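Shown next, in structure tokens, is the structure this report addresses.
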Amino acid sequence: MWLLQAYLTSKQKDGKTVHIIPVTFNYERMFELRNLATEMVSGDVPEIAFLKLASMIEKQKSKIGRIFCNFGNPINVKDYLANINVRVLNANNIDDNALRLTEKLYKE
């Protein structure tokens, strides 16, 4: 949502765009097993800042095996919106389009 809000408020009116690059980190072994079980039961997923996550990984580096980082294809927000027939992003359609973009990122 915040990416589309940034595009809406500063880039769209100037004819510029924002590019989103999906990134995933995968591990040979689960290092958050306790958190995963809690999240599955409660449905609550705590937000973890990237630096905190990096620190957690560094502390358990020998226990998780190899780490894989994958980069997806960049998504040009301006082109993406044009492809789904959204001529102008505005306050009335931002929620629906943010959800659609999130689903696309999830699939990527």
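Extension gain for the segment MET40 to THR17, taken as residue separation times 0.36 nm less the Cα-Cα distance, is 4.6 nm to one decimal.
Which of the residue pairs LYS59/LYS104; LYS16/LYS104; LYS52/LYS78 have a Cα-Cα distance greater than 27 Å in the structure shown?
As for pairs spanning more than 27 Å Cα to Cα, those are LYS59/LYS104; LYS52/LYS78.
May I ask you to derive the FRET efficiency for THR102 and SER55 from their Cβ-Cβ distance with R0 = 22 Å, giving the value to the nearest 0.05? All intermediate terms of the calculation are to be shown ahead of the outcome.
Details: r = 27 Å, r/R0 = 1.23.
Calculated transfer efficiency: 0.25.
Peptides 50-57, 39-46: what's the order by average Cβ count within 10 Å, highest mean first?
50-57, 39-46
Read-outs: derived from the displayed coordinates by stated rules, not from any lab. What you see is a predicted model; the values in this text were computed from it and never measured. Reconstructed Cβ throughout: ideal geometry from the backbone, glycine too, with neighbour counts over all protein chains shown.
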